[in-house]
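> Quick one: structure below, then a few questions.
Every read-out reported here was derived from the displayed coordinates using simple, explicitly stated rules and does not represent laboratory data. Quick caveat: nothing in here was measured; it's all calculated off a predicted structure. Cβ sites come from the backbone with ideal geometry, for glycine too, and all protein chains shown count toward neighbours.
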Amino acid sequence: MDKTTQQIIISGLGGQGVLFVTRLLAEAAIGKGLSVLISETHGMAQRGGNVISHLKVGPEAGRGALISPLIRPGRADVLLALHPEAMLVHGHFLRPEGTPFGEGGGASPGPYTVDACSIAASLGSPVSANLVLLGFAAASGKLFCGPEQIEGVLKGFSGKRAEISLKAFRAGCEAAGATSAN
């Protein structure tokens, strides 16, 4: 797969940071000179309902340029499932050879699952589970960019959460290293 062209679904529940993860990935793509299309469905997000974000990353112009922001079922290269149920709800978007990254807390572990909630809680920031999962995915080598690009975008954000956000992201990267070593 050409990693400069990717279709990514980010799925979770309201309040889990689906839109924040989408923004980080989009900014990382723009930093690499790639074109980005995004479509978000918020629905009942404020009540903990499903939230899905479609992110397409591709060449700036010319042949293979991006046309539509929506990803058709069976076409996503990567699925980031921030909640264990997100895989069931939006897994149909993933192509057969695609890579599903998921929150593995309480579920049967797979090669692309991580207990992001427990890792984030151990850092004292349970709301940072989204960044743990993103770090895990970035360190896997399956995304269009590596951890360095996403970390660079994260460093660009300021505020009281910047330090814990970086810690959570790096903990996810470390978890990916531990998984591949097993």
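> Between residue 40 and residue 20, with labels modelled 7 Å along Cα→Cβ, what's the label distance in nm to one decimal, could you check?
About 1.2 nm separates the two model spin labels.
> Mind grabbing the base-10 log of I(q)/I(0) for segment 6-181 at q = 0.10, 0.17 Å⁻¹? Debye formula, identical points on the C-alpha positions, no solvent, two decimal places.
Computed log10 I(q)/I(0) values: -0.34, -1.03.
> Could you compute the FRET efficiency for residue 89 and residue 174, with r as their C-beta to C-beta distance and R0 at 30 Å, rounded to 0.05?
0.55
> At a Förster radius of 22 Å, what calculated FRET efficiency corresponds to the Cβ-Cβ distance of residue 122 and residue 148, to the nearest 0.05?
Efficiency, rounded to the nearest 0.05: 0.35.
> Put +1 on the Cβ of each Lys and Arg and -1 on the Cβ of each Asp and Glu in segment 6-181; which of 82, 134, 53 then has its Cα farthest toward the positive end of the dipole?
My answer, from the dipole projection, is 53.
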